[in-house]
Amino acid sequence: MGGQYRSFWAMGLALALFGCDSLTDLEVINQNNPETERTLATAADLENLIGGTFLTYWNGTQHIYPFGTLTVAADEGTASWGNWGMRDNGFEPRPVWNNSSTYSNRDVNQTPWDNMYGALSSAADGIIAIEGGVKIGRDGQDNTRAIAFAKFVQGMSLGWLALQFDKAIIFDENVDLAAAAAGDFEFVPYGEVLTAALTKMDEAIKLAADNTFTLDPDWMAGLALSSSEFVKVIHSFKARLMTHVARSPAEAATINWAAVISEINAGITEDLVFTGDPQETWWAAWTWWSTEGGTWMRADYKTIGYTDEGGGYVNWLATPVADRDEFEMDTPDLRIWGCGIDGDLGGQCRAVEGTNTSRGARIGGTTGQALDQEPGLYFRFFGSSPFPANRGTMVWSMYHHWRYEDVFQNVSGPMKHVSMEEMDLLRAEAYIQTGQPALAMDIINATRVPAGLAAVAVNGAPCPPAVPACDLMDQLIYEKRMETWNTNSGGAFFDRRRWGNPAPTSTHHRGLVEGTALQFPVPGQELEVLELPTYTFGGVGNEGSPNIGSGSMSRITARYEDIYAFEAEMTLREKLAFVEEHFRGGGLKLLTRYRR
């Protein structure tokens, strides 16, 4: 195969094949040798490599790819722009996912794929080096911290592969590279990938629980977590992964919900908040772009319209998709409309043109449109949509999310990523699944009542006009969508596919619109390099696999030599520079290397 180009698959896996050899010179160290300074610098580089793995994961999951497509496919945000696959995957009827290597928005599944394996490779290299004798810190005192963090990122990366893709390769430091290069390896179904992810996270938990250390704040956007705090964070991420992986209500019913409750109870006790920086090293694209309602994105009525009592949402649902248009809501939810439909609640309403705005003026009134409704706590009326009319008004909305506008305005600051509301409402879902609705009811009312909505009963009453036969699960879904909107990329998408089967858009329903791909295929470019058939998901009847342990082409095999591009040599320092250039520099593109 000499003289051919091969995919430099997921950046780091190729490096892992020869990266181990490049570390052998680090295994035996004489601290009295003049080379000590060089050796210590190399150990520091190794720690930096491991410390940078979460950023590689973050850049592959929390940016415009795959955020743009996932949020519009979930009817969370809405836009008609062609950027990031939004127009292709947010319009209806939903199309088949274009898995061609030439598709302009292929990065929706290519970027996460590349970055997850980039993080997995670096984590594996780091663990192999430490197990081979490299000492980080005085006498290796920081080795355990580095390994615990590496295993955590392995779990997060494998976990994301399980969430987004129908299958993946389980790669870690235990892979027999020599044997694999001489034979075959497997893509395994997402259920098995999730099991591997949770195993890695349990290993990280044990290491952190059995030792005392503090994470370098540079590793996780300013969080200097103690080992005990780190354990809590891992438990909360485990709870999220265990539930986000389900592709349908049938799969959701098979989740070990008692175990989910245990993970939540062992998890965070306050919001997990990362800190963005002006240099955009740590940055949440979902916070910035989805808040910029003047140009980029609005809040989808399928998410915020649930409590509308003015008839607008009911009429919108009954209107053929192509004829839909934006409308003003009449809602008591103070998270959307700060005055509610009952008028001035405790003097909250802002004066418009020197007078108090009445309910009549706010709904179809003649006062200035942008001031018709007092901004809610999380969302606000923002006037007519900025999207071109010739692309269709079905994606228009008069509301946008502004809860985290300070991050948008400053391109820095606190970025809430795992909230207590998310964990509490996930616990409520587990209570419903395990036959404890009264416990779930109390959690739902804890966010609902302060927002100006009537407390719900165990049977879900009172129900809104759009869902007159609602139950407690419907009320929980609305609360979670409101409270976690814009806190983690893909959250709404992964929730909705678990909550309901694909359904027509003519009614308010729990799941995704029919035809929406429930999962993504292995990127087309990877399949082409492997000379494997291209496949995809999406379109009515082909949304995705209904079974967690199987799927279209659930197991396929290929030879390592047909995937990896080999380099003659690469030192650890060169690898670190490579990661900096290609994965932290914003390129996030599939890389190729000439096979020598």
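The values are calculated or read from the model by the stated rules, or taken from the named source; none is laboratory data. Quantities reported herein were computed from a predicted structural model and do not represent experimental measurements. Neighbour counts are summed over all protein chains in view; Cβ atoms, including those assigned to glycine, are modelled from backbone coordinates with ideal geometry.
Say we look at segment 174-194 and pick out the residues that are surrounded by fewer than 17 Cβ atoms within 10 Å (Cβ to Cβ) and not aliphatic (A, V, I, L, M); which of these is modelled with the lowest pLDDT? Within segment 174-194, the match that is modelled with the lowest pLDDT is Gly183. Which residue pairs have Cβ atoms under 6 Å apart, sit 6 or more places apart or on different chains, and have a first residue in segment 483-500 that is closer than 17 Å to Met297 by Cβ and in contact (Cβ under 8 Å) with a residue 40 or more places away in the chain and a second that is among the hydrophobic types (A, V, I, L, M, F, W, C) and outside any helix (DSSP H, G or I)? Correct list of pairs: Ala492/Ala74; Phe493/Ala74. Restricting the search to helices (runs of 4 or more DSSP H) fully inside segment 445-552 and requiring at least 1 residues that are over 22 Å from the mean Cα position of the chain (by Cα) and either surrounded by 17 or more Cβ atoms within 10 Å (Cβ to Cβ) or at pLDDT 95 or above (or both) gives 472-484, 524-529. In segment 313-357, of all residues being at pLDDT 90 or above, of a type in the set (D, E, K, R) and surrounded by fewer than 19 Cβ atoms within 10 Å (Cβ to Cβ), the one that is nearest to Thr393 (Cα to Cα) corresponds to Asp325.
When we screen Lys167, Lys200, Lys151 for residues that are farther than 28 Å from Leu272 by Cα, buried (at least 23 other Cβ atoms within 10 Å of the Cβ) and assigned by TED's automatic domain parsing to the domain that holds Gly538, the only hit is Lys167. So, Glu229, is that one modelled with pLDDT of 95 or more, of a type in the set (D, E, K, R) and over 28 Å from Trp283 (Cα atoms) or not? Answer is no for this residue. Pairing each residue of segment 374-403 that is not assigned by TED's automatic domain parsing to the domain that holds Trp316 with any residue that is at pLDDT below 90, provided the two are 6+ apart or on different chains, yields no C-beta distance under 8 Å. Quick check on my filter: what residues within segment 216-230 are part of a helix (DSSP H, G or I) and either basic (Lys, Arg) or surrounded by fewer than 22 Cβ atoms within 10 Å (Cβ to Cβ) (or both)? Of everything in segment 216-230, those that are part of a helix (DSSP H, G or I) and either basic (Lys, Arg) or surrounded by fewer than 22 Cβ atoms within 10 Å (Cβ to Cβ) (or both) turn out to be Pro217, Asp218, Ser227, Ser228, Glu229. Scanning segment 253-270 for residues that are part of a loop (DSSP other than H, G, I, E, B) and either of a type in the set (S, T, N, Q) or surrounded by fewer than 15 Cβ atoms within 10 Å (Cβ to Cβ) (or both) returns Ala253, Thr254, Asn256, Thr269, Glu270.
Cβ-Cβ distances below 6 Å connect the following pairs, each with a first residue in segment 408-420 that is within 18 Å of Ala266 (Cα to Cα), a second residue that is aliphatic (A, V, I, L, M) and at pLDDT 80 or above, and a separation of six or more residues or different chains: His417/Leu272; Val418/Leu272.
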